[in-house]
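Novice: One structure, pasted below without further comment.
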Amino acid sequence: MKNELAHQVKQLLNTSKQIVIVGHKNPDGDAIGSCLALSQFLDQLGHKTQVIMPNDFPDFLKWMPGCQDIIIYDKQKETAEAHLTAANIVCTLDFNALDRVGEMQGALESCQATFVMIDHHQAPGAYAAVTYSDVRMSSTAEMVYHFIAGLDGLELLSPSMATNLYTGIMTDTGSFRFPATSPTTHKVIAHLMEAGANGTQIHENIYDTNTPDRLRLLGLALQNMKILEPYNAAYITLSQEELDSNNFKKGDTEGFVNYALSVLGVKFAVIFIESKQDAIVKISFRSKGAFSVNEFARTHYNGGGHTNAAGGRSNKSLQETVTEFISILPNYKNALNTNA
Ligand SMILES: [Mn+2]
């Protein structure tokens, strides 16, 4: 974090404040871990903090230290709004546009507090008084570590904070393998282990929690996988019926798209998941190398994210969505056939 930004934040925090910390809708390990660690840090500085998530988070994250105190906006709207009204500062973590909080958007837009953004996604919005945005960062959790360092607060790193930050970095880097994983990321991880994060235990808590239903759904997803060789692409579909027949629970399809990306030669992988409830098809994009799924998702699927990982949606049927996707690919044939 730059010195002038640290200075600005120090000014903001020089008296005791009421601080609400918000993650994005459908919070992941990075959103939860970043928010909890920041909250635990600011509490130690004498501020009063409350973490609020727009909606619930998956069970495999429900062991994270402090997560039982998170307020879920769509379950406790009034309590959440009272906290927002009373807040002097609102920190928004792991997102950079207010439409990423779903139903909670109006409450944030009408909130009079000073906003602080900490985020690593592309194209940050202009809503925050303090914007700490860095797209080269592996994760928001790594940024929260640098944020704490910038405020000379690393001696306050507790085992709980270390565990939350480790989880955020680990989940957003696919266990330290995605390209944004830098030497600095590993140094941060080393320090988090010294501060009490147990890497083996965290891996088990996150990854070894499969239900038989989820693995059967994965089997089905893999059977549905199609390879589009001329484009070095692969895609997976899951219909609502297929989800229902395997007792689909929120979060079950997390990571499925990476199996398509693990096929030898595949540089671009997509999963299309039908949601009858939302009347949309949810889409996740992954790529290797220079092919930007962020741009692809922004251009065609009302979405976005990072160069190598992005999300989007379609209002068409599952079959129409796939047909349209295949019809778009010839425009990208060259981009998908370079060795960059
Ligand atoms: Mn993230």
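Novice: List the pairs whose first member sits in the stretch 19-34 and is among the aliphatic types (A, V, I, L, M), whose second member is within 13 Å of the ligand (Cβ to nearest atom), and whose Cβ atoms are under 6 Å apart, counting only residues at least 6 apart or on separate chains?
Specialist: The qualifying pairs are ILE21/CYS35; VAL22/THR92; ALA31/GLY23; ALA31/HIS24; ALA31/ASP94.
Novice: So which residues in the stretch 99-154 are out of contact with any strand residue (DSSP E or B) (no Cβ under 8 Å at 6 or more places or on another chain) and under 12 Å from VAL22 (Cβ atoms)?
Specialist: Matches in the stretch 99-154: ARG100, GLY102, GLN105, ALA107.
Novice: Right, something else. In the stretch 78-100, which residue that is in contact with a Gly (Cβ under 6 Å, 6 or more places away or on another chain) and without any contact (Cβ under 8 Å) to a residue 60 or more places away in the chain is farthest from the ligand (Cβ to nearest atom)? Quick ask: steps written out before the conclusion?
Specialist: Initial filter on the stretch 78-100 (in contact with a Gly (Cβ under 6 Å, 6 or more places away or on another chain)): 93-94, 96-97.
Keeping just the survivors that are without any contact (Cβ under 8 Å) to a residue 60 or more places away in the chain gives 96-97.
Details: ASN96: 11, ALA97: 14 Å.
Top of the filtered list is ALA97.
Novice: Could you check, for the stretch 292-304, whether at least one of its residues is assigned to a strand (DSSP E or B), in contact with a strand residue (DSSP E or B) (Cβ under 6 Å, 6 or more places away or on another chain) and modelled with pLDDT of 95 or more? I'd like the intermediate steps shown before the answer.
Specialist: Step one: of the stretch 292-304, the residues assigned to a strand (DSSP E or B) are 304.
Restricting the remaining residues to those that are in contact with a strand residue (DSSP E or B) (Cβ under 6 Å, 6 or more places away or on another chain) gives 304.
Keeping just the survivors that are modelled with pLDDT of 95 or more gives none.
Within the stretch 292-304, not a single residue is assigned to a strand (DSSP E or B), in contact with a strand residue (DSSP E or B) (Cβ under 6 Å, 6 or more places away or on another chain) and modelled with pLDDT of 95 or more.
Novice: Taking the stretch 101-120 on its own, how many of its residues are within 16 Å of the ligand (Cβ to nearest atom) and aliphatic (A, V, I, L, M)? Quick ask: steps written out before the conclusion?
Specialist: Of all residues in the stretch 101-120, those within 16 Å of the ligand (Cβ to nearest atom) come to 101, 117-120.
In the following step, the residues that additionally are aliphatic (A, V, I, L, M) were identified as 101, 117-118.
Number satisfying all stated conditions: 3.
Novice: Additional query: Can you name the residue in the stretch 188-213 that is in a loop (DSSP other than H, G, I, E, B) and in contact with a helix residue (DSSP H, G or I) (Cβ under 6 Å, 6 or more places away or on another chain) and is also modelled with the lowest pLDDT among such residues?
Specialist: Taking the stretch 188-213 and keeping what is in a loop (DSSP other than H, G, I, E, B), we get 195-198, 208-211.
Pick out the ones that are also in contact with a helix residue (DSSP H, G or I) (Cβ under 6 Å, 6 or more places away or on another chain) and you get 195-197, 209.
Details: ALA195: 98, GLY196: 98, ALA197: 98, THR209: 90.
Within the stretch 188-213, the match that is modelled with the lowest pLDDT is THR209.
Novice: Moving on to the next point. Here's a check for you: in the stretch 121-163, which residue that is touching a Pro at 6+ places or on another chain (Cβ under 6 Å) and closer than 14 Å to LEU192 by Cβ is farthest from the ligand (Cβ to nearest atom)?
Specialist: Taking the candidates together, the pick is SER160.
Novice: Just to check your reading of the model, which residue among THR253, THR181, THR237 is in a loop (DSSP other than H, G, I, E, B) and in contact with a Leu (Cβ under 7 Å, 6 or more places away or on another chain)? Spell out the reasoning first.
Specialist: Details: THR181 fails: in contact with a Leu (Cβ under 7 Å, 6 or more places away or on another chain); THR237 fails: in a loop (DSSP other than H, G, I, E, B).
None of the others qualify; the one that does is THR253.
Novice: Just to check your reading of the model, which residue among LYS2, LYS17, LYS25 is among the charged types (D, E, K, R) and surrounded by fewer than 17 Cβ atoms within 10 Å (Cβ to Cβ)?
Specialist: On the way: LYS17 fails: surrounded by fewer than 17 Cβ atoms within 10 Å (Cβ to Cβ); LYS25 fails: surrounded by fewer than 17 Cβ atoms within 10 Å (Cβ to Cβ).
Answer to the check: LYS2.
The values are calculated or read from the model by the stated rules, or taken from the named source; none is laboratory data. No experiment lies behind these values; they were computed from the predicted model shown. Here Cβ is always computed from backbone atoms with ideal geometry, including for glycine, and neighbour counts include all displayed protein chains.
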